[in-house]
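Have a look at the structure below, then the notes.
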Amino acid sequence: MAKKKREKKVKYIRGHGISQARLSYEIHNLKRYQNLEHYKDVFYQCGKCGTCRTVYKDAYWSCVCPSGEFGKFESYYLGGKNLLVWALTSNKLNWTKKVAKIFYQCSVCMACIEQCQIPEIHSFAGEWLMAMREEAVKLGYGPMPEQQLYTKNIMEEKNPYMEKHEDRLKWLPSHIKQTPDANLAYFVGCTSSYREKTVAIATAEILNTLNIDFRILNDEGCCGSPVYMTGQVEKAKNLAEKNINYFKNAGIENIITSCAGCYRTWKDIYPNKFGFDHGIDVKHLPEFLRSKLKNGELIFDKELKMKVTYHDPCHIGRHMGIYKAPREVLEKIPGIELIEMVRNRHNAWCCGSGGGVRSSFKEFSAFAAKERIKEAKETTAEAIVSCCPFCLNQFKNNIENNEIQAFDLSELIRKTIL
Amino acid sequence: MSNNEIISELEIVVGERYVSDQPELTYLYHYDFITAEPEGRCDIVIIPGSAEEVQEIVKIANKYKIPIVPWVTGINFGSIATPRKGGIVVDLRRLNRVLEVNEDDMYAVIEGGITWAGLQGFLEKYHPNLRAGITWSPPGTGVIPSCLCYGMFDLGMIGGSGAEFINGLEVVLGSGDLIKVGSCSLSNYWYGRQPLPDLAGLFIGWEGSTGIVTKASIKLWPKLPFREDYTGFARTVDQGFPVLLKLSKAGLGICDLLLVNFGWSQSIQELYEKNVVIDAVKDKKPDCISLITTQAYTEKQHIAQCEAIIDICNEGKMRLLSASDGVEGVKPPPVQYWNFWNFTRGGGGQWIGSYCSTRDVVKYYNISREICLKYGKPPQFYSRLMFGGHYVVARSNVNFNKNDPEDIKTTRKILQEIHEAVQKLDGVVMYKPPLWAVKYYKDKTLPSTTRLINKIKKVLDPNNIMNPGQGIGED
């Protein structure tokens, strides 16, 4: 008889130094992606102690919460939000538009959650921050007017930029070679299609250089991330269903995307939140390129002498745990010197574009971006590099007087292989 | 006078963005969200950006005779930042700078709203050879409130209580006047409180009821190159405490010396109160877990100190593990326990936190232990030897579920029973005391002393607007 394996009694969760015989969320049997009711017994574990406001024991205890640092009042920090959720769900406080606005004035970057040392909050607060947005939508307090507007455009024109769907592929140069029957699709996403076209071009050219058989589907539409992130779950689900059906019917088995938001939505939200087990293998470009570097297919022909710093997009970093791949690729580029910002990886300061804040809270969004740009400049880097066209676009819009350059990783790679 | 009119005046001082009476913002300031004490009421919250703005706010509060409550993070186990009589909560978080570090005299001049995270971060970045004493409270809590309320730090053995770390203060009085106390009152140096009359005492231990501190100088200490952190285990507190007492008087470079009981050690490990050992003594678990930190300038000195510590502990049958042996639980500072209030997984925690004579610690523990066990709660206790062993802090924590009214009721009973019982030991005095404990001390203090306290309060806060309902002075 096989000897029963002894259960490990001490577990560690990300953060610092938490160990215990049984994780607290196991006691509560907590799961991800549930509604507020599911978490009702844990909101009040928060004592608004303020640990969520700064990097815990690292990065000189720097501030991490754009929402709190901008909003200032306690309600804008995670502790405040936790206790507002408690108050609202236990009828100590009433829902109002102003309450909803507090929850929407947050990019849901989850840097605060990384710092919290209460296991239930550390692991699940992101779920109730999103559930609060869902609740706001149900009660008619959300989304914010600008978010409603872009959602309308997404439903009609498949993009949030008020652009025509028929113009979606205007970025595509004639020299890009596609393979009509390829089972690999490059999912371009709305930002690269309409705003940061060089990311789309660079990605397609890299794939061509690597002789990858791929195609871009003509009727690709918004992945639904901006809709989901503003609590409009049913609408986002509807978009997901359409996308999945379209890609599956086209025979797509693999997707590469250069957008962090699209990646997270396809890879995590579609199957885990919406329950659509689409079976398509989704990779973010740096992950894919790292595998090509490892097997020797990606070779950098040219040197690119440049000091750069890397900005972790929230959607692939904290939300999906991808920190190494982009750095490994970046550091392999000959001539590139990577200098980290003080707040990096899971402690990275958000660029302030996600979660619907750039459309609805412009001043706050710019505040977050400028803080990150300032931090990037302090490294003495010439450029801030990211792996998300939305972050890139945010930086470009907020960089003043060419104080620093901003690139997507794909743009740098393109310079060295073509 | 409506809130709107007052707010209009306050907006002129700080700008529209930093003042509010909206419930979704004031809600977070009406209660500490940790203790079993009653909730309060916050009518207006304001976030000033300078001492001058604080002065103007106090003047407006005086004009309308509205209570005013200084606030940094608003949590402590005594609920003393809960606005008991409504009014304006002055959130000091924008006053969060380190203004100066004097490396020669080893002090930092800090603003009233700076947190432990802010101070530590600044020192780590710009003055890595210096360190501040650090509390066990979370990094988001305030430095100055901790000093003013006799908080204790991991340098307590060499520096005493937080109050003794204070070199000087800048304060906005209840009248709106701005004053300075200590050497800074007549020079640009903030090195100490001597030799003029020590007016810092007008603000220490008063729970924010005499003024709002906008700046303070606090002592810093050199980071010595050699350091060892020991964890010691003894079967009982009765057996272990005498060993610590001996160590405190042995002059072995010890900067921190404390013990926790088994219950407390379970709470800080994030365990669930319902799944833990309730009576460690009965269960034959080591009920005395001590932390001993020693530091030295030279290796030779360090080795000698460590050897002496080991000898004393061996003699007292205290088993030692050291951080350099790789003991996970013992790490260099800061050790900050973010959530020991959450032992019940219910987010509630309160204490009987007392200063007392070293003679009474063991008795204190045994009294509090019996009371906790009577109510089925795991006894949680911790004690820190202070200022070379001149006095001691003794604390009994009780955790509870904030959503369970019965648990809250039981917690109140336990706390009050412990408080009443340990008073019989005489020298036991609570710090950061909640209202019911303050009442006890008011009754106990000599009438002439009480009269003096009340006169001082009247002079500093003529309209009784400063954190009314809290502190020892008469309302």
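Going by C-beta contacts inside 10 Å, put B:360, B:287 in order with the fewest on the left. Provide the component values of the computation, followed by the final result.
Values: B:360 19, B:287 29.
Fewest-to-most ranking of B:360, B:287: B:360, B:287.
Averaged over its residues, how many other protein chain Cβ atoms are within 10 Å of peptide A:227-234's Cβ atoms? List each step's numbers first, then the result.
Working: counts 0, 0, 0, 0, 0, 0, 0, 0.
Partner Cβ neighbours, averaged per residue: 0.
Work out the charge dipole of chain B with +1 on the Cβ of Lys and Arg and -1 on the Cβ of Asp and Glu about the Cα centre, then indicate which of B:356, B:27, B:77 is farthest towards its positive end.
Positive-most Cα among the choices belongs to B:356.
Helix A:78-89 versus the longest principal axis of chain A: what angle, 0 to 90°, nearest 10, using Cα atoms?
Rounded to the nearest ten degrees, it is 60.
Using +1 at the C-beta of Lys and Arg and -1 at the C-beta of Asp and Glu, which of A:83, A:271, A:384 has the Cα lying farthest in the positive direction of the dipole of chain A?
Selected residue: A:83.
Which value in deg cm²/dmol, rounded to the nearest 500, describes the helix-derived mean residue ellipticity at 222 nm for chain B, given -39,500 (n - 2.57) per DSSP H run of n ≥ 4 and division by the residue count?
Details: 13 runs with 144 residues, N = 475.
For chain B, the value works out to -9000 deg cm²/dmol.
To the nearest 10 degrees, how steeply does helix A:362-378 sit against the main Cα axis of chain A, on a 0 to 90 scale?
On a 0 to 90 degree scale, this one is about 70.
Hey, if you drop one equal point scatterer on each alpha-carbon of the range B:128-188 and run the Debye formula without solvent, what base-10 log of I(q)/I(0) do you get at q = 0.19, 0.26, 0.30 Å⁻¹?
Treating every Cα as an identical point scatterer, log10 I(q)/I(0) equals -0.81, -1.08, -1.18.
Taking every pair of distinct Cα atoms and averaging 1/r, then inverting, what Kirkwood hydrodynamic radius in Å comes out for the protein assembly as shown? Intermediate results must be reported in sequence, preceding the final value.
Details: mean 1/r = 0.0340 Å⁻¹.
Answer for the protein assembly as shown: a Kirkwood hydrodynamic radius of 29.4 Å.
Counting only C-alpha contacts under 8 Å and six or more residues apart, can you give the relative contact order of chain A as a whole percent? Can you show the working numbers first?
On the way: 718 pairs, mean separation 65.3, N = 418.
So the answer I get is 16 percent.
Given the -39500 (n - 2.57) contribution per DSSP H run of 4+ residues, what per-residue ellipticity at 222 nm results for chain A, rounded to the nearest 500 deg cm²/dmol?
The helix-only estimate for chain A comes to -12000 deg cm²/dmol at 222 nm.
I'd like to know how chain A sits against the 2.2 N^0.38 Å rule of thumb: what's its Cα Rg over that expected value? Working shown, then result.
Working: Rg = 21.4 Å, N = 418, 2.2 N^0.38 = 21.8 Å.
Ratio of Rg to 2.2 N^0.38 Å for chain A: 0.98.
Quick check on my link table: of A:81/B:285; A:48/B:377; A:101/B:432; B:180/B:439; A:177/A:415; A:267/A:370, which ones sit more than 28 Å apart, alpha carbon to alpha carbon?
On the way: A:81/B:285 40 Å; A:48/B:377 24 Å; A:101/B:432 36 Å; B:180/B:439 30 Å; A:177/A:415 19 Å; A:267/A:370 30 Å.
Result: A:81/B:285; A:101/B:432; B:180/B:439; A:267/A:370 exceed 28 Å.
Per-residue Cβ counts within 10 Å, from other chains only, averaged over B:21-32: what number is that?
Working: counts 0, 6, 7, 17, 11, 3, 10, 12, 5, 0, 3, 2.
Average neighbour count from other chains, rounded to a whole number: 6.
Take the range B:98-222, compute every pairwise Cα distance, and split them into 10 Å bins from 0; I just need the percent in each bin.
Whole-percent P(r) values from 0 Å outward: 14, 49, 32, 4, 0.
Using amide H atoms built 1.01 Å from N in the peptide plane, name the residues 5+ places from residue B:161, or on other chains, whose amide H lies under 5 Å from its own.
Excluding prolines and chain starts, which carry no amide H, there are no hits.
Counting only other chains, what is the mean number of Cβ atoms within 10 angstrom of the Cβ of each residue in peptide A:66-76?
On the way: counts 0, 0, 1, 1, 1, 2, 9, 14, 13, 9, 2.
Average neighbour count from other chains, rounded to a whole number: 5.
Calculate log10 I(q)/I(0) of chain B for q = 0.10, 0.12, 0.13 Å⁻¹, where I(q) comes from the Debye formula with a single equal point scatterer on each Cα and nothing for solvent.
Each listed q corresponds, in turn, to -0.75, -1.08, -1.25.
Over the Cα atoms of the range A:298-417, compute the convex hull volume and normalise it per residue, giving Å³. Kindly include the intermediate steps, with their values, before the conclusion.
Working: hull volume 11.1 nm³, N = 120.
Residue-normalised Cα hull volume stands at 93 Å³.
Any chance you could run the full-extension gain for residue A:37 through residue A:156? It's 0.36 nm times the residue separation minus the Cα-Cα distance, nm to one decimal.
Numbers: separation 119, 0.36 × 119 = 42.84 nm, distance 3.34 nm.
Extra length from residue A:37 to residue A:156 when fully extended: 39.5 nm.
Of B:271, B:244, how do they rank once you tally other Cβ atoms within 10 Å and put the fewest first? List each step's numbers first, then the result.
Details: B:271 19, B:244 30.
Sorted ascending by nearby Cβ count, the order is B:271, B:244.
Between helix A:389-398 and chain A, what is the angle of the helix's C-alpha long axis to the longest principal axis, kept within 0 to 90° and rounded to the nearest 10?
Taking the Cα atoms of chain A, the angle to A:389-398 is about 80 degrees.
Answer rounded, prolate or oblate for the range B:356-475, using the Cα gyration tensor with square roots of eigenvalues a ≥ b ≥ c: rounded when a/c is under 1.5, else prolate when a/b is larger than b/c, else oblate.
Oblate, because a/c is 1.5 or more while a/b does not exceed b/c.
Given a cut-off of under 8 Å on Cα pairs at least six residues apart, what relative contact order in percent is computed for chain B? Each step should come with its number before you reach the end.
On the way: 1079 pairs, mean separation 82.0, N = 475.
Rounded, it is 17 percent for chain B.
Fewest Cβ neighbours within 10 Å first, please rank A:132, B:318, B:106 accordingly.
Working: A:132 25, B:318 28, B:106 18.
Listed from fewest to most nearby Cβ atoms, that is B:106, A:132, B:318.
Might you report the magnitude of the Cβ-based charge dipole of the range A:158-292 about its Cα centre, with Lys and Arg at +1 and Asp and Glu at -1, to the nearest 20 debye? Working shown, then result.
On the way: 18 positive and 16 negative charges, 50 e Å.
Dipole about the Cα centre, nearest 20: 240 debye.
If a/c stays under 1.5 just call it rounded; otherwise compare a/b with b/c (prolate if a/b is bigger, oblate if not). Do that for the range A:11-139, with a ≥ b ≥ c from the square roots of the Cα gyration tensor eigenvalues. Each step should come with its number before you reach the end.
Values: a/c = 2.03, a/b = 1.18, b/c = 1.72.
Verdict is oblate for the range A:11-139.
Where a Cα-Cα gap under 15 Å defines reach, which aspartates and glutamates qualify for residue B:457, not counting those fewer than 8 residues away within the same chain?
B:177, B:207, B:474, B:475
Can you give the charge dipole size of the range B:226-430 about its Cα centre, rounded to the nearest 20 debye, using +1 on the beta carbon of Lys and Arg and -1 on the beta carbon of Asp and Glu? Mind dumping the intermediate values first?
Details: 25 positive and 23 negative charges, 83 e Å.
In debye, rounded to 20, the range B:226-430 gives about 400.
What residues qualify as long-range amide H neighbours of residue B:380, i.e. H under 5 Å apart, gap of 5 or more or another chain, H built at 1.01 Å from N?
Counting only residues 5 or more places away or on other chains, the set is B:397.
Taking Cα pairs under 8 Å and at least six residues apart, what relative contact order does the range A:11-139 come out at, in percent? Please list the in-between numbers first.
Details: 155 pairs, mean separation 41.2, N = 129.
The value is 32 percent.
Each reported figure results from applying straightforward, stated rules to the coordinates on display, with no laboratory input. This one's a predicted model, so the numbers in the text were calculated from it and none came from an experiment. As a convention, Cβ positions derive from the backbone with ideal geometry for all residues, glycine included, and neighbour counts pool all protein chains shown.
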